Amino acid sequence: MAHKMMTGQTLMPFGVPVVSVEHRGELLRLVADDWRDSAACTSPNASVRDSRGVDPFYPADPDTLTDVARSICGRCPVQVSCLAVVLISNEDQGIWGGTTPLVRDRICMDLADGAPVSVVLAGVNAALTADSGAGVAA
Ligand code: SF4
């Protein structure tokens, strides 16, 4: 599938696009100050490892969104900030903002195809909210 390239956009190995300069600016405006202070996954109340000590944010299959990560991210008050940051930084490991690396690649491709940032991020948020049964503040 061919993707429309945008000004300033580059291609990663294997043809996976990263977000354009314009999208980076738009994403950056969505990042709340001190968002890490409110991260649900770092809360003392969040159990981020299962009984075997496995971190659900770094599953053995990197493209599996674990139920634990889905639930925690779906209830996280800074999910949008988190997702915006990892898209800007092109993070290719772990679950962030309720997304796997594969989903983030798809987001980058959707953006490159012209989908608005707000629509793409709202779609991720809506899916997480539906799956976790929680509302998530943007
Ligand atoms: S969205 Fe998920 S990974 Fe990001 S800060 Fe919140 S709980 Fe952690």
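Some notes on this structure:
- Using a simple spin-label model with pseudo-atoms 7 Å out from Cα toward Cβ, residue 63 and residue 106 lie 1.0 nm apart.
- Each of the peptides 82-92, 18-28 was scored by the mean count of other Cβ atoms within 10 Å over its residues; in descending order, highest first, they stand as 82-92, 18-28.
- Residue 129 accessible area, assembled protein chains, probe 1.4 Å, Å²: 40
- Judged by the ratio a/c of the largest to the smallest principal axis of the C-alpha gyration tensor, segment 61-110 counts as oblate, that ratio being 1.5 or greater while a/b is no larger than b/c.
- Multiplying the residue separation of residue 126 and residue 37 by 0.36 nm and removing their Cα-Cα distance gives an extension gain of 29.7 nm.
- Of 33, 113, 67, 55, the residue with the largest accessible area leads and the full order is 33, 67, 113, 55 (1.4 Å probe).
- Sites listed here are trypsin sites (Lys or Arg not before Pro) in segment 31-122 whose DSSP assignment is loop and whose Cβ has at most 10 other Cβ atoms within 10 Å: 52.
The values are calculated or read from the model by the stated rules, or taken from the named source; none is laboratory data. Here the structure is a predicted model, which is why all the values come from computation and not from measurement. Every residue, glycine as well, gets a Cβ built from its backbone with ideal geometry; the counts of neighbours run over all protein chains shown. Surface areas here come from the heavy atoms of the whole protein model, side chains and all, with no ligands, DNA or RNA. Shrake-Rupley method; radii C 1.70, N 1.55, O 1.52, S 1.80 Å.
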